[in-house]
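The block underneath contains the structure these notes are about, expressed in structure tokens.
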Amino acid sequence: MPLIIISGYPSSGKTHRANQLLHHFSQKIASSPSKRTVRVHLVNDQTLGLTRDVYHAARPEKDARATEYSAVKRLLGKDDVVIADSLNYIKGFRYQLYCEAKALETPSCVVHVGTPIERCREINAKLLADPSVDGGYAEDDFENLIFRYEEPNGMTRWDSPLFTVPYDDESPPCDQIWDAMVGSDGRPIVVKPNLATVTKPAAESSYLYELDRITSEVVSAIASWQKDHPGEDGGSVLIPESDPVELPISSVSLPQLQRVRRQFITLNRQHSLEKGRIKSLFVDYLNDSFEKL
């Protein structure tokens, strides 16, 4: 059964939207004539016992994401719908969740809570001022999370299908999400896994070497192109046996390139990709990352 990933700015109303989906899906399942038992699970900071203080430093935030990932992985199954209600603001983490769902041959989607920043800031201030409610982020953490937020992009595989819920909408498009994830005929939708998302019991001994070598070659090609074209903004770097890398208008430093490369390696070190696909997938990942610069 599907994974529904909630994403949005801090204090944007993510939990409210998640609870609306939880209520709608629970009613839908209860009224279904099917004898099949389907459960809906809500995973968020509250159900996991996490406080908003985890966003104050990198290490506890990383541990919190690992806790969420483990909970989602544990709950996903053929008879379970999982709603992952958290910031999920890092595209790399959404990619990990997407891979986990696809490896289990179940669909996933992203529900983007589209509340404007100023409105989120107002809500957060009210929550902080009211000691009777459990909510709100410390001001420094709030601004930092806003700055680092990576908005979902429906053109990427891991953010598709993407459902955006404007702040003033009464409810999310629950029926559309249900049909896209579960199907209107009541039969489960099965997603065919591919080599990029299926974890093999034991990867070939040369896989990590090839992953490191090929991504390093692409980064070197980009760095060499920039060296030969000083002062040029943007441009296409031709990569043999792959689509070109489209550089952003702002220049990209070598440390930035290496950081994106490390992120890609971390995301794929547990998945044994075909050697011939590593380069094209890395180029796709670079191009998507550059769109955010």
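The values are calculated or read from the model by the stated rules, or taken from the named source; none is laboratory data. Keep in mind that what you see is a predicted model, and the values were worked out from it rather than measured. Counting neighbours? That spans all protein chains shown, and the Cβs are built from the backbone with ideal geometry, glycine included.
Annotation: of all residues in segment 105-123 being more than 21 Å from Asp168 (Cα to Cα) and touching a Lys or Arg at 6+ places or on another chain (Cβ under 8 Å), the one that is surrounded by the fewest Cβ atoms within 10 Å (Cβ to Cβ) is Glu105.
Looking across Lys62, Lys14, Lys102, one residue alone is of a type in the set (Lys, Arg), assigned by TED's automatic domain parsing to the domain that holds Tyr149 and surrounded by 23 or more Cβ atoms within 10 Å (Cβ to Cβ). It is Lys14. A single entry from Val54, Val81 fulfils the requirement of being more than 30 Å from Gly183 (Cα to Cα) and either modelled with pLDDT under 95 or not assigned by TED's automatic domain parsing to the domain that holds Gly8 (or both): Val54.
Yes or no, residue by residue, for (1) at pLDDT 90 or above; (2) crowded, with 16+ Cβ neighbours inside 10 Å; (3) outside any strand (DSSP E or B):
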position	(1), (2), (3)
Ile6	yes, yes, no
Pro10	yes, yes, yes
His24	yes, yes, yes
Val72	yes, yes, yes
Leu87	no, yes, yes
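The one condition from (1) surrounded by 14 or more Cβ atoms within 10 Å (Cβ to Cβ); (2) farther than 26 Å from Asn268 by Cα; (3) modelled with pLDDT under 85 that Pro172 does not meet is (3). Going by what's in this entry, would Lys126 be described as assigned by TED's automatic domain parsing to the domain that holds Thr156, surrounded by fewer than 19 Cβ atoms within 10 Å (Cβ to Cβ), over 27 Å from Asp179 (Cβ atoms) and of a type in the set (D, E, K, R)? So Lys126 passes the test.
Taking residues in segment 238-250 that are touching a residue at least 12 places away in the same chain (Cβ under 8 Å) and under 15 Å from Ala223 (Cα atoms), and partners anywhere that are exposed (fewer than 13 other Cβ atoms within 10 Å of the Cβ) and among the basic types (Lys, Arg), the pairs with Cβ atoms closer than 9 Å and at least 6 places apart or on different chains are Pro248/Lys292.
Starting from residues that are of a type in the set (Gly, Ala, Ser) and at pLDDT 90 or above, keep the ones in segment 102-117 and report whichever is farthest from the chain's Cα centre (by Cα). If you could, list the steps in order and put the result at the bottom.
Step one: filter segment 102-117 for residues of a type in the set (Gly, Ala, Ser), giving 103, 108, 114.
Right, trim to at pLDDT 90 or above and you get 108, 114.
Details: Ser108: 10, Gly114: 16 Å.
Checking each candidate, the answer is Gly114.
Listed by first and then second residue, the pairs linking a residue in segment 159-173 that is closer than 19 Å to Phe25 by Cβ to a residue that is aromatic (Phe, Trp, Tyr) and not in a loop (DSSP other than H, G, I, E, B), with Cβ atoms under 7 Å apart and 6 or more places separating them unless they lie on different chains, are Pro172/Phe163; Pro173/Phe163.
Select, from Gln256, Gln263, the only residue that is at pLDDT below 90, more than 13 Å from Ile278 (Cα to Cα) and within 25 Å of the chain's Cα centre (by Cα). Walk me through it before giving the result.
Values: Gln256 fails: at pLDDT below 90.
Only one candidate passes the filter, namely Gln263.
Going through segment 222-242 one residue at a time, which ones are surrounded by 14 or more Cβ atoms within 10 Å (Cβ to Cβ) and under 15 Å from Asp284 (Cα atoms)? Within segment 222-242, Ile222, Val237, Ile239, Ser242 meet the criteria.
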